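I have placed the structure first, in the form of structure tokens, so that the comments after it can refer back to it.
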């Protein structure tokens, strides 16, 4: 009977507890997402990326974290944004209150939205022109999160500007289906870059194509990209996100692994 109990609990060293979070897979992901838009310096007129939204999310799924790596080229329907912790989501053991996050300048609380998923919409469409690198220059640190406490996202790079050379936009400024669009950008200190074309209606996304643009200073949305989307889909907007990210994997004292991600994303159409 004792041997059966040990097998059922997954005990190692007769601890009597399930030995989760000790495999090679990441167990949690801490993500800081900074959304930017085009701003102009009042004195010089120079264009730069200002902040209009900012989110922090924590996913906890021991040995079962959902994969969110960039594709080799362009793919349809890739999930790039944390909405839950997936089927392997679990509440953080020992947690008695909401975990917190902090930067050198500000802090906040991550509220439990679902099992294993904690989220804080820090800024929502504030449409400020604060420089994007000022907010996340040292990353976001996790606090009051039991064994995950101390995990910190990588420092942000700098986004100088993003140019969306789009001629055939409608009166709302969004992209028209099938239009060839040349994107270019100036950035420094980011490891990866990507472009996402998004078919949006009533504040929801109905179709996406995500393309890896790492190592490039621009990207062309052409017929090959459009061929991955449904042109008959009725939507309000075709939006474009140009994203930059830094990623790290930290091992905590108990052996659990936390993937940490800092992202800055220029958004073509900023919706109310």
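A short reminder: the numbers here are calculations on the coordinates, not readings from a lab. The model shown is predicted, which means the values in this text are computed figures rather than measured ones. Every residue, glycine among them, receives a Cβ derived from its backbone with ideal geometry; neighbour counts consider all protein chains shown.
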Inset, instruction - Above 16 angstrom, tally the Cα pairs of region 95-136 and express them as a % of all pairs, no decimals. - result: 48 percent
Inset, instruction - Name the residue, out of 135, 123, 95, whose mean-square fluctuation peaks in a Gaussian network model built on the chain with Cα pairs under 10 Å. - result: 95
Inset, instruction - Rank these for me by crowding, 266, 120, going from fewest to most other beta carbons within 10 Å. - result: 120, 266
Inset, instruction - Can you tell me the FRET efficiency between residue 216 and residue 144 if r is taken as the Cβ-Cβ distance and R0 is 51 Å, rounded to the nearest 0.05? - result: 0.80
Legend entry - Selected from 132, 32, 79 as most flexible by GNM, with the chain as the system and alpha-carbon contacts under 10 Å: 79
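At 0.36 nm per residue, minus the direct Cα-Cα distance, what do residue 191 and residue 161 gain on full extension? Give it in nm, one decimal, please. Provide the component values of the computation, followed by the final result.
Numbers: separation 30, 0.36 × 30 = 10.80 nm, distance 1.67 nm.
The residue 191-residue 161 span can extend by a further 9.1 nm.
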Inset, instruction - Jot down the per residue volume, in cubic angstrom and as a whole number, of the convex hull over the alpha-carbon atoms of region 22-267. - result: 133 Å³
Inset, instruction - Quote the FRET efficiency, to the nearest 0.05, computed for residue 270 versus residue 180 with a Förster distance R0 of 22 Å and r equal to the Cβ-Cβ distance. - result: 0.45
Inset, instruction - Only Cα pairs under 8 Å and at least 6 apart count here; give the relative contact order of the chain as a rounded whole percent. - result: 22 percent
Inset, instruction - Would you look at the GNM of the chain, springs on alpha carbons closer than 10 Å, and say which of 89, 69, 108 moves the most? - result: 69
Inset, instruction - Tell me the label-point distance for the pair residue 206, residue 115, using the 7 Å Cα-to-Cβ offset, in nm and rounded to one decimal. - result: 3.3 nm
Inset, instruction - Measure off 7 Å from each Cα along the Cα-to-Cβ vector at residue 233 and residue 248, then give the distance between these two points in nanometres to one decimal. - result: 3.6 nm
Inset, instruction - Rounded to the nearest 500, what is the 222 nm mean residue ellipticity of the chain from helices alone, with -39500 (n - 2.57) per DSSP H run of 4+ residues and division by all residues? - result: -1000 deg cm²/dmol
Inset, instruction - Would you mind computing, in nm to one decimal, how far apart the modelled labels at residue 46 and residue 25 are, each placed 7 Å from Cα along Cα→Cβ? - result: 4.6 nm
